[in-house]
Structures are given as structure tokens and as C-alpha cells.
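Peer 1: Below: one structure in C-alpha cells.
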Amino acid sequence: QVQLVESGGGLVQPGGSLRLSCAASGSINSLNVMGWYRLTPGKQRELVATITDGGSTNYADSVKGRFTISRDNTKNTVYLQMNSLKPEDTAVYYCNAWIQNLPQQRLRDYWGQGTQVTVSS
């Protein structure tokens with residue numbers, strides 16, 4: 001079965017940077033759109049950024065100019081570079097990926113386990 005494993009979260013001061021990684025493994029034929037979501041206590045899950053297999057990106061207005069999503073298809077990995085972090089960026093960040101599996105070649109989405117990002121002085 002396909003798994004998504006996240007890493008890179010932690011504690012950082014305001015203005016600092018973190019890079020999140022999400023690596024997919026298992027019976028994978030192809031990776032389609034991949035993205036990052038975040039969840040803050042008391043808030044709905046928010047779409048942070050997405051990237052298609054063609055490289056097109058979309059960002060939430062709150063992170064434009066500060067966050068960059070990218071992918072390395074040779075490693076089946078999506079990244080989220082987070083710069084100029086603010087306290088309001090504090091959340092659990094979840095990786096999401098639409099994956100065509102093997103051998104059935106069925107397309108469905110998968111979720112990572114979540115990684116905590118805390119921005120505080």
C-alpha cells in the first residue's frame with residue numbers, strides 16, 4: 001500500500017524558516033497533484049499550497065510570497081519551503097497526494113501523518 005511520510009516540522013522563532021518534506025512510497029505508478037494543508041485548533045483545515053504533475057502551483061493568500069511548494073518526482077517527494085514564518089502559521093501540516101497505484105492504476109488521494117509547526121519566541 002502507498003504511504004506518505006512527513007518530516008521537517010519543529011519549533012522556530014518568528015521570521016525563521018522551515019522546510020517540510022513528504023515522501024511517498026509503495027505501489028506507485030504515478031504521482032499527480034500534491035499539496036499541503038494545515039489545521040489549527042478551533043479552525044477548519046486550510047489548503048496551503050498545491051502543485052500539479054505539470055508544475056503549476058497555487059497558494060493560499062496568507063502564504064503567498066513566503067512559502068514555496070516544489071516536488072522531486074525522482075524521489076516521489078513534495079516539499080514546502082516556509083520563510084518569514086509568523087505565529088499564525090502555527091499548525092499541524094498535512095501532506096496530500098493524488099496517486100495512481102499499481103497494478104490497478106486507480107487514482108485516489110493519500111494523507112501524511114501530520115507534522116507540527118510551532119512559530120513562537
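The values are calculated or read from the model by the stated rules, or taken from the named source; none is laboratory data. Note that the structure is a prediction, hence the values are computed from the model and not measured. Backbone-built Cβ (ideal geometry, glycine too); neighbour counts: all protein chains shown. To get the accessible areas, we keep the full protein, side chains included, count just its heavy atoms, and leave off ligands, DNA and RNA. Shrake-Rupley method; radii C 1.70, N 1.55, O 1.52, S 1.80 Å.
Peer 1: What number of residues within the stretch 81-121 are among the polar types (S, T, N, Q), modelled with pLDDT of 95 or more and open to solvent by 30 Å² or more (accessible area, probe 1.4 Å)?
Peer 2: 8
Peer 1: Taking VAL5, is it outside any loop (DSSP other than H, G, I, E, B), open to solvent by less than 50 Å² (accessible area, probe 1.4 Å) and modelled with pLDDT of 95 or more?
Peer 2: Taking the combined requirement at face value, the residue does not satisfy it.
Peer 1: Something else about it: As an exercise: evaluate THR74 against (1) part of a loop (DSSP other than H, G, I, E, B); (2) open to solvent by 50 Å² or more (accessible area, probe 1.4 Å); (3) in contact with a strand residue (DSSP E or B) (Cβ under 7 Å, 6 or more places away or on another chain) and give the number of the one condition it does not meet.
Peer 2: So THR74 meets the others, but not (3).
Peer 1: Continuing with this model, one more query. Residue by residue through the stretch 47-59, note down the ones that are surrounded by 13 or more Cβ atoms within 10 Å (Cβ to Cβ) and of a type outside the set (A, V, I, L, M).
Peer 2: THR50, THR52, ASP53, THR57, ASN58, TYR59
Peer 1: Looking at this structure, is LEU31 modelled with pLDDT under 95, of a type in the set (A, V, I, L, M) and open to solvent by less than 40 Å² (accessible area, probe 1.4 Å)?
Peer 2: Taking the combined requirement at face value, the residue satisfies it.
Peer 1: Here's something else I'd like to know. Quick one: GLN44 ticks every box in (1) under 18 Å from GLN113 (Cα atoms); (2) open to solvent by 50 Å² or more (accessible area, probe 1.4 Å); (3) not in a loop (DSSP other than H, G, I, E, B) except a single one, so which number is it?
Peer 2: Tallying (1) under 18 Å from GLN113 (Cα atoms); (2) open to solvent by 50 Å² or more (accessible area, probe 1.4 Å); (3) not in a loop (DSSP other than H, G, I, E, B), GLN44 fails exactly one: (3).
Peer 1: Please indicate, with yes or no, whether at least one residue in the stretch 20-39 is over 29 Å from ARG106 (Cα atoms), over 13 Å from the mean Cα position of the chain (by Cα) and among the small types (Gly, Ala, Ser).
Peer 2: No, that holds for no residue.
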